[in-house]
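Notes for the one structure printed next.
The values are calculated or read from the model by the stated rules, or taken from the named source; none is laboratory data. These numbers were taken from a predicted model, which means no experiment stands behind them. Glycine gets a Cβ as well: all are built from the backbone with ideal geometry, and neighbour counts include every protein chain shown.
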Amino acid sequence: MKTLSIINLKGGVAKTISAVTMAYILAEEKGYRVLLVDNDKQGNASKMLDRHSYTHKGIESIMIERLPVMAAVIQHTDYGTLDIITANMELIKANLEVQLDQQRPTQNRIKKALERVNGNYDFCIIDNAPDINISTVNALVASDYVMIPVTIDDFALDGLSELAEQVDNTREDLNPSLQMLGCFVTQFATGNEADKQGEEMLRGMGYPIFETHIRRTDKVKPATFQRVPVPLYSDRCAASVDYRKLTDEFLERSGINGKEE
Ligand SMILES: Nc1ncnc2c1ncn2[C@@H]1O[C@H](COP(=O)(O)OP(=O)(O)O)[C@@H](O)[C@H]1O
Ligand SMILES: [Mg+2]
């Protein structure tokens with residue numbers, strides 16, 4: 001199993017849409033076995049796959065329990081080979097508890113839990129909160145790859161250097177195999193000169209950046225309202241087409257060819 005964290009310190013840059021859509025494409029369209037981890041207390045990824053709840057265990061159990069029963073934490077979705085670990089506001093309490101724990105290491109809890117289902121999935125995709133906290137550090141420790149969605153605006157680069165530093169520190173101290181695959185532009189307005197210039201500027205700044213950008217379309221919002229992945233809501237909309245390209249570029253950049261254990 002290879003694990004990808006989608007992360008940015010900013011909200012509203014399409015972390016959740018990207019994590020859910022890539023997970024859906026890898027599972028439903030490419031036939032991989034995929035585990036989506038919702039690692040944001042807002043639970044938006046859980047909501048998009050219609051699994052948000054306060055009765056089922058989720059990521060908070062992985063943060064606090066010594067040996068969480070993975071079968072009790074993982075849920076099937078409505079899509080064949082796509083499973084999910086959900087999140088809700090319980091994660092706030094769980095993280096406070098983790099921070100006060102002086103007995104056990106606090107940074108490798110997601111990693112240890114995922115190791116126990118390693119053979120069951122080809123990919124794990126982690127949707128993160130716009131933060132650096134114990135949850136996101138756990139995600140980076142558990143990940144092989146990082147991808148950063150960015151939107152073109154005045155503040156597109158805010159927090160990027162802090163995040164890059166966090167990724168570097170995690171690689172150095174805790175997870176030598178962590179690879180920064182790069183940023184990718186989301187919600188790109190075709191025909192908008194400012195977006196075009198902003199993207200060119202970004203490409204010239206030396207950050208690793210994906211060739212593929214994700215175009216803005218008016219199909220994304222209704223898909224979220226209906227709680228279905230974007231490609232299922234609109235197979236041919238620009239965002240669906242672009243996310244397929246992005247997923248292929250992810251597979252290329254990560255050097256993954258064909259299925260693997
Ligand atoms: N390609 C797109 N086209 C149009 N709207 C988009 C697109 N991607 C994301 N959005 C919208 O942007 C908002 C933020 O997306 P979301 O994935 O929740 O961001 P984050 O998880 O980074 O906070 C949502 O309202 C979503 O509908
Ligand atoms: Mg989100």
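Looking across the range 228-256, the residues that are outside any helix (DSSP H, G or I) and surrounded by 15 or more Cβ atoms within 10 Å (Cβ to Cβ) come down to Val228, Pro229, Ser234, Cys237, Ser254, Ile256.
When residues in the range 28-60 are screened for being more than 16 Å from ligand 2 (Cβ to nearest atom) and closer than 19 Å to Ser143 by Cα, 5 of them pass.
Figure legend. Inter-residue proximity from the range 119-134: first residues touching a residue at least 12 places away in the same chain (Cβ under 8 Å), second residues assigned to a strand (DSSP E or B) and away from ligand 1 (no atom under 16 Å from the Cβ), beta-carbon distance below 6 Å, spacing 6+ or different chains. Indicated pairs: Tyr121/Leu35; Phe123/Lys2; Phe123/Val34; Cys124/Thr3; Cys124/Leu35. Taking the listed residues Lys47, Lys2, the one that is touching a helix residue (DSSP H, G or I) at 6+ places or on another chain (Cβ under 9 Å) and not acidic (Asp, Glu) is Lys47, with no other qualifying. Does the range 214-222 contain any residue that is part of a helix (DSSP H, G or I) and more than 20 Å from the chain's Cα centre (by Cα)? Yes: one or more hits. Filtered by the rule that a residue be hydroxyl-bearing (Ser, Thr, Tyr) and within 16 Å of ligand 2 (Cβ to nearest atom), the range 143-171 gives a lone residue, Thr151. When Glu90 is tested against (1) surrounded by 12 or more Cβ atoms within 10 Å (Cβ to Cβ); (2) at pLDDT below 95; (3) under 21 Å from Asp38 (Cα atoms), exactly one condition is not met: (2).
Scanning the range 172-219 for residues that are of a type in the set (Phe, Trp, Tyr) and more than 16 Å from ligand 2 (Cβ to nearest atom) returns Phe188, Tyr207, Phe210. Inside the range 124-161, residues that are at pLDDT 90 or above, out of contact with any strand residue (DSSP E or B) (no Cβ under 7 Å at 6 or more places or on another chain) and within 16 Å of ligand 1 (Cβ to nearest atom) make up a count of 4.
When the range 176-205 is examined, which residues are found to be without any contact (Cβ under 8 Å) to a residue 60 or more places away in the chain, part of a loop (DSSP other than H, G, I, E, B) and either closer than 14 Å to Phe155 by Cα or not β-branched (Val, Ile, Thr) (or both)? Residues satisfying the conditions are Pro176, Ser177, Leu178, Ala189, Gly191, Asn192, Gly204, Met205.
If you go through the range 106-131 and keep only what is away from ligand 2 (no atom under 15 Å from the Cβ) and touching a helix residue (DSSP H, G or I) at 6+ places or on another chain (Cβ under 7 Å), you end up with Thr106, Gln107, Asn108, Arg109, Ile110, Lys111, Ala113, Leu114, Arg116, Val117, Phe123, Cys124.
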